[in-house]
Amino acid sequence: MTTNIKFTKMHGAGNDYIYVNTLLYNIPDPTKASIAWSAPHTGIGSDGLVLIDKAKIPEADFSMRIFNADGSEAMMCGNASRCIGKYLFEKGITDKTEIKLLTLSGIKILKLTLDDKGEKVESVTVDMLEPVLNDKKQMASEDGSMKDGLVDVIDREFRGTFVSMGNPHFVIFVDNVDEIDVARYGKALEFDSLFPERCNIEFAQILDNGKIRTRVWERGSGITMACGTGACATAVAAAITGRATRKSEIVMDGGTLHIEWNEADNHVYLSGPAAFAFEGEVALPQ
């Protein structure tokens with residue numbers, strides 16, 4: 001017997017996911033569902049699947065689980081978190097404008113900015129907590145860190161910086177990001193032995209106006225239009241290598257994200273829009 005699930009397609013700066021309210025629908029095998037539904041020609045097409053639920057702990061309001069297009073489960077996603085804030089408020093599931101969201105990398109605080117009527121969410125700021133610059137589980141260097149270190153991949157040498165935002169990122173600054181074959185080098189680096197848990201790869205360029213042009217290869221999804229944790233990691237890497245201040249505008253394929261690495265609490269704050277694309281019904285994969 002076929003079971004149909006109602007879904008919502010949303011995106012944050014082009015980083016698009018399928019959202020399901022698991023208060024209403026049970027997804028028994030989210031890995032299988034994410035693979036089937038994310039397929040661009042035979043499914044809905046997306047960067048992955050996001051499940052929204054009530055938090056099972058009193059410290060948080062709601063929880064999220066996120067599965068990449070290849071079915072692997074991610075720790076969290078900044079763009080998806082912003083979309084969840086808009087989803088919860090505009091669908092009347094909550095009237096809070098500050099939401100505590102439980103993820104696999106901790107509780108994230110979502111602050112919603114509403115329109116003049118107080119009905120629509122214009123933007124969401126996510127407290128992404130503190131960046132981690134050394135983690136031996138995610139970075140296989142001697143001390144679990146790398147700052148502007150040299151890495152050989154295929155036929156090129158890149159200089160990159162490791163930053164974990166709960167999930168691992170490796171940020172490579174180049175002279176011209178448009179000349180980089182992101183798919184070729186991104187995939188090779190994702191599976192490089194330097195990264196025991198695989199890795200998200202950012203190729204970044206400091207523009208003449210001070211903004212940072214960034215293209216992303218996401219672990220488990222490939223090239224995406226944007227990546228919230230990737231934007232945060234890029235901003236942190238730019239700051240610690242002296243390429244930028246603690247406030248950055250990260251220009252991704254799908255739009256611009258605003259990042260502040262706050263000196264007072266050492267937290268990274270991610271701000272940007274979230275948008276509904278469409279809604280529909282889809283069958284659970286057999």
Review point. Can you tell me which residues in region 92-138 are in a loop (DSSP other than H, G, I, E, B), closer than 21 Å to His267 by Cβ and either of a type in the set (Asp, Glu) or touching a residue at least 40 places away in the same chain (Cβ under 8 Å) (or both)?
Key: Leu104, Ser105, Met128, Leu129, Glu130, Pro131, Leu133, Asp135, Gln138
Exercise for review: Kindly indicate the residue of region 218-231 that is hydrophobic (A, V, I, L, M, F, W, C) and not in a loop (DSSP other than H, G, I, E, B) and also nearest to Asp253 (Cα to Cα) among those meeting that condition.
Suggested key: Ile223
Revision key, fill the gap. Given (1) out of contact with any Asp or Glu (no Cβ under 7 Å at 6 or more places or on another chain); (2) within 22 Å of Thr234 (Cβ to Cβ), Phe89 misses just (2)
Review point. Do we find a residue being within 18 Å of Arg219 (Cα to Cα), surrounded by fewer than 20 Cβ atoms within 10 Å (Cβ to Cβ) and not acidic (Asp, Glu) anywhere in region 137-147?
Key: yes
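Every residue, every condition in (1) over 23 Å from Ala74 (Cβ atoms); (2) loosely packed, with under 15 Cβ neighbours inside 10 Å; (3) touching a residue at least 12 places away in the same chain (Cβ under 8 Å), yes or no:
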{"residue": "Ser221", "(1), (2), (3)": "no, no, yes"}
{"residue": "Ala226", "(1), (2), (3)": "no, no, yes"}
{"residue": "Ala231", "(1), (2), (3)": "no, no, yes"}
{"residue": "Ala235", "(1), (2), (3)": "no, no, yes"}
{"residue": "Thr256", "(1), (2), (3)": "no, no, yes"}
{"residue": "Trp261", "(1), (2), (3)": "no, no, yes"}
{"residue": "Ala264", "(1), (2), (3)": "yes, yes, no"}
{"residue": "Ala274", "(1), (2), (3)": "no, no, yes"}
{"residue": "Gly280", "(1), (2), (3)": "yes, yes, yes"}
Practice item. For Val50, work out the one condition from (1) out of contact with any Asp or Glu (no Cβ under 6 Å at 6 or more places or on another chain); (2) within 17 Å of Thr229 (Cβ to Cβ); (3) surrounded by fewer than 23 Cβ atoms within 10 Å (Cβ to Cβ) it doesn't fulfil. Key: (3)
Exercise for review: Taking the options Gly222, Gly160, name whichever one is closer than 23 Å to His11 by Cα and small (Gly, Ala, Ser).
Suggested key: Gly222
Exercise for review: Enumerate the strands (runs of 3 or more DSSP E) found wholly within region 148-217, keeping only those where 1 or more residues are closer than 30 Å to Arg65 by Cβ and in contact (Cβ under 8 Å) with a residue 24 or more places away in the chain.
Suggested key: 156-164, 168-173, 200-206
Check your understanding: Which one is surrounded by the most Cβ atoms within 10 Å (Cβ to Cβ) among residues in region 20-43 that are among the hydrophobic types (A, V, I, L, M, F, W, C) and more than 17 Å from Ala80 (Cα to Cα)?
Key -> Ala33
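Listed here are the residues, each with its yes/no results for (1) assigned by TED's automatic domain parsing to the domain that holds His11; (2) more than 23 Å from the chain's Cα centre (by Cα); (3) small (Gly, Ala, Ser).
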| residue | (1), (2), (3) |
| --- | --- |
| Ala55 | yes, no, yes |
| Phe62 | yes, no, no |
| Asp70 | yes, no, no |
| Cys77 | yes, no, no |
| Cys83 | yes, no, no |
| Glu98 | yes, no, no |
| Ile109 | yes, no, no |
| Ala140 | no, no, yes |
| Ile154 | no, yes, no |
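The values are calculated or read from the model by the stated rules, or taken from the named source; none is laboratory data. Keep in mind that what you see is a predicted model, and the values were worked out from it rather than measured. Quick reminder, even Gly has a Cβ in these numbers, built from the backbone with ideal geometry, and neighbours come from all protein chains shown.
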